[in-house]
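Structure record follows, encoded as structure tokens.
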Amino acid sequence: MRGWSIPLGRWFGIELRIHTFFVMLAVICLIYANAAGAGAATGFALWLLIAAAVAVREAGRLLVAAWYGLRLRAILLLPIGGLFAYANPESQEQAVNGPSRYALAVAGPFANLATALILAAVLQGASGGLNLLALPLVTPAGLIRSLVWLQAFLGVLHLLPAYPLDAGRLLRTALARAHGPTPATRALAGLGQFLALAAIFTGFFLHDPILPAAGFFIFIGAQLEDQGVFFQSVVDTVQMREVMLTDYATLSPSDTLADALYRCVHSLQEDFPVVRGQQLVGIVNRQRIVEQLRIEGNGYIQGVMSRTFQVAKPEDTLGAIIRRITAGRGLALIPVAEGEKIVGMVSVQNLMTSMSLLAEQRRLERLDSGN
């Protein structure tokens, strides 16, 4: 979700990000406005109307998510809508397989279509001479008409049975029961990409810039979902014992910060488990040690260590641990324990390196078994 996106801050505890393709859409609107003989301000206004349609859609979905008690971690805004990242596996499961999936699928199109009808009624009542059916329906030269049809277009768009559109998500759930979630998602993501390409070529044939733009962003959304499912299918097959670090340094609660700093100088670790005997009692990172030494001088590790941590088992899957890391704000290290004994640790700092090396190890094992 962080790749190719711009942070917009945290709103009500939810991280909001906008995809750079949404920003690219502003350039498309400016080019479209210039080609239609309108100014740059009109093109930017058209982009704002698209953003308003997305905002209406996501507001409806957020209300439904809050009603069902779903906890969100982040939202990535695309021109076709938002992609939700849930704060815990329970919310993710409920959104995909629980009764809330129907309400979430309906909320977005309903919000857009209802808004379009209300706007059309208000505009027709205020100005009887406004022709809402004049072609083109969406154009910089007719922003008021575009205001209505952009809402309607986004609502109808999500009734298409292609992933990651809303109707496609419902179809995915039905197919997943028969064929499994990963094949179902990848098949519907492929269908979404096919429909996106069809929209792009149709738009070029009709000389309509809206269809190619919509098709392009559907293609990007399907690609993001497909990559996410592939990544999830991989990490859910990897156990913690396969990627955990077994050669690492620990600290004691009675160590001084000066002693810990010396350990940091001679170690590549960013985060250190704090153990008393063989029992884990806390976690501390290098930055915290340095900051405390600068502010208050020397002291003891027990005074600066964090006592908030989660412990994994060697047989836990990496997928489950990644969900824990992303759900816990600032969580960068998860110790791996058998009983109360620490046998390894997983650090965000080293995770990608461990995964790439594990992939190479598995490749060599397959070659050896083939010989």
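The values are calculated or read from the model by the stated rules, or taken from the named source; none is laboratory data. No experiment lies behind these values; they were computed from the predicted model shown. Neighbour counts are summed over all protein chains in view; Cβ atoms, including those assigned to glycine, are modelled from backbone coordinates with ideal geometry. Quick note on the areas: whole protein, heavy atoms, side chains included, nothing else; ligands and nucleic acids left out. Shrake-Rupley method; radii C 1.70, N 1.55, O 1.52, S 1.80 Å.
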Pairwise Cα inverse-distance average, inverted: Kirkwood Rh of the stretch 2-130 (Å): 16.4
Taking one equal scatterer on every alpha-carbon of the stretch 42-117, how large is log10 of I(q)/I(0) by Debye at q = 0.15, 0.18, 0.22 1/Å? -0.52, -0.71, -0.97
Nearest 0.05, what FRET efficiency do Glu340 and Leu170 give at R0 = 45 Å with Cβ-Cβ as r? 0.50
When only alpha-carbon atoms are used, what values of Rg and Dmax, in angstrom, describe the chain? 25.7, 82
Where does each of Glu15, Glu291, Glu365 land when they are ordered by accessible area, with a 1.4 Å probe and the largest first? Glu365, Glu291, Glu15
Counting only protein heavy atoms and leaving out ligands, DNA and RNA, the solvent-accessible surface of Tyr32 at a 1.4 Å probe, in Å² to the nearest 10, equals 40
Restricting things to alpha carbons, find the Rg to Rh ratio for the stretch 1-69 using the Kirkwood radius for Rh. 1.09
How far is helix 348-370 tilted off the main Cα axis of the chain, in degrees rounded to 10, range 0 to 90? 90
Ellipsoid semi-axes in whole angstrom, largest first, where each is sqrt(5λ) of the Cα gyration tensor of the stretch 89-158: 33, 12, 7
Enter the accessible area per residue of the chain (Å², integer; probe 1.4 Å; all protein chains in place). 53
Can you pull the percent of the chain's accessible area that's carbon plus sulfur, 1.4 Å probe, other chains left in place? 63
